[in-house]
Amino acid sequence: MVFLSGIHGVGKTYFCNMLMERFGIKSYSASTLITAKKNKFFSADKHITDIDDNQLLLIESISELRLKGREFILDGHFCLLNEHGKITRIPQDTYISLNPDMIVLLTEKPDIIAERRLLRDGVHQDKAEIALFQSAEYQYAKEVASLLHIPLMVSKDSADLANVIEFIERKMIWQGNFY
């Protein structure tokens, strides 16, 4: 499994669609899997309650998907905004249980993310807060990749997506996981 991370509005869904079109590899959104188990939607402001409990639902969903035996991409996060809007790390045990083969972290210019969030979610987000959130996501992604001894690819922005695709393709072929 490829764990694809990045803050809200960075372009994870767009990128997953690119990979699906190119390789036919399915992708699943962590929030969609959690929502299906919880039967409750997340708010547009992306402030999340029950972060720890939600991860148990995610792990359960991923276990069910792995029974199907096919490779997939999980679109998720390393950090979330808690119910008070504070950047909060998802517990390391989550990633140990998910056991990804590699991590891809998408980043983007804060002004582009701010524009996307406004258009998509109707949320005005401060560019400095976006930069801080991306920095926290990056730091924690490095720590988790090191902990799990797996490769980490960090994109610089949307112009870097071809390099990310090449990285994923090389790693999946090398690990014998591509079809």
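Residues within the reach of a label modelled at TYR14 (point 7 angstrom out along Cα to beta-carbon, backbone nitrogen below 16 Å), restricted to the stretch 121-136, are 121-122.
For the chain, give me the percentage of DSSP beta bridges that are antiparallel, rounded to the nearest 5 percent. Percentage antiparallel, nearest 5: 15.
Accessible area per residue was computed with a 1.4 Å probe on protein heavy atoms; VAL104 scores about 0 Å².
Per residue, the average separation of C-alpha pairs within less than 8 Å and at least 6 apart gives the chain a relative contact order of 29 percent. Overall, the chain carries a charge dipole of about 320 debye about its Cα centre when +1 sits on the Cβ of Lys and Arg and -1 on the Cβ of Asp and Glu, all other atoms neutral. Comparing ALA136, ILE25, ILE168 along the charge dipole axis of the stretch 15-173, the residue lying farthest to the positive side is ILE25, per the Cβ-charge model. Each Lys and Arg contributes +1 and each Asp and Glu -1, all at the Cβ; summed about the Cα centre of the stretch 84-150, the dipole is approximately 100 debye. Beyond 30 Å in Cα-Cα separation lie the following of the pairs LYS38/LYS68; LYS38/LYS171; LYS37/LYS68: LYS38/LYS171. From the residues LEU147, ILE103, MET1, which one has its Cα farthest along the dipole of the chain in the positive direction, the dipole being from +1 and -1 charges on Cβ of Lys/Arg and Asp/Glu about the Cα centre? Comparing the listed Cα positions along the dipole, MET1 ranks first. Within the assembled protein chains, the solvent-accessible surface assigned to LEU81 is about 20 Å², based on a 1.4 Å probe.
What chymotrypsin sites (Phe, Trp or Tyr not before Pro) in the stretch 70-101 are in a loop by DSSP, with at most 12 other Cβ atoms within 10 Å of the Cβ? Qualifying residues, ordered by number: none.
Mean residue ellipticity at 222 nm from the helices of the chain, using -39,500 (n - 2.57) per DSSP H segment of n ≥ 4 over the full residue count, to the nearest 500 deg cm²/dmol? Helices in the chain give a 222 nm mean residue ellipticity of -16500 deg cm²/dmol.
For the stretch 60-155, the square roots a ≥ b ≥ c of the C-alpha gyration tensor eigenvalues yield an a/c of 1.5 or more together with a/b exceeding b/c, which makes the shape prolate. Comparing LEU57, LEU118, LEU98 in a Gaussian network model of the chain (Cα springs below 10 Å), the most mobile by mean-square fluctuation is LEU118. The DSSP beta bridges internal to the stretch 23-116 are antiparallel in roughly 35% of cases. Taking only alpha carbon atoms, the chain gives an Rg to Rh ratio of 0.93, where Rh is the Kirkwood radius.
The values are calculated or read from the model by the stated rules, or taken from the named source; none is laboratory data. Because the structure is a prediction, the values reported are computed rather than measured. We place every Cβ from the backbone using ideal geometry, glycine too, and count neighbours over all the protein chains shown. We work out accessible area using only protein heavy atoms, side chains counted, and drop any ligands, DNA or RNA first. Shrake-Rupley method; radii C 1.70, N 1.55, O 1.52, S 1.80 Å.
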